[in-house]
Amino acid sequence: MSGFGFLNTHRTWEDWSGMLLGALIVVSPWFPIQDQPAIVGDPTVILNAVAVGLIVFGISQLEYVALQRWQEVATILVGLWLIASPYFLGYSGEGFLRIYHTSLGAAVVLLGVLLLWQDWDLSDQDMLKHGQ
């Protein structure tokens, strides 16, 4: 029984998962169950979430079309920024938004690590065949 064989190959559902994560990050400042006035009063928080979400979404779209290793590295770095951003931008006291960004950032990092692990040994020609 090869339980991990399913994860050995880069599949398009992983790219779609990245796009979904990007969309969730964009709308995360408006998720329910959080202190809305504190977030609405700080446009930096909203701009950060929208920018990071669009970057994750865009990189995932690029991976869907033309696979390259820099995309996985960029995904990991952007996910790490999303985890760290509540502390650098000063909204770590906003409980649920910090939890949302930490959780979504961790999911982005894990997805990026999985994709990098899957594509590490592929040749450039094999990477061009992705999605075909």
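Brief remarks follow.
- Close Cβ contacts (under 8 Å, 6 or more residues apart or on different chains) running from residues in the range 43-57 that are under 15 Å from L89 (Cβ atoms) to residues that are among the acidic types (D, E) comprise V45/E94.
- Flag if V73 is modelled with pLDDT of 85 or more, open to solvent by 50 Å² or more (accessible area, probe 1.4 Å) and of a type outside the set (S, T, Y): yes
- Only listed residue being at pLDDT below 80, aliphatic (A, V, I, L, M) and either open to solvent by 50 Å² or more (accessible area, probe 1.4 Å) or not in a helix (DSSP H, G or I) (or both), chosen from L67, L20, L54: L67
The values are calculated or read from the model by the stated rules, or taken from the named source; none is laboratory data. All values reported here derive from a predicted model rather than from experimental measurement. Counting neighbours? That spans all protein chains shown, and the Cβs are built from the backbone with ideal geometry, glycine included. What goes into the accessible areas is simple: the full protein's heavy atoms, side chains included, and nothing from ligands, DNA or RNA. Shrake-Rupley method; radii C 1.70, N 1.55, O 1.52, S 1.80 Å.
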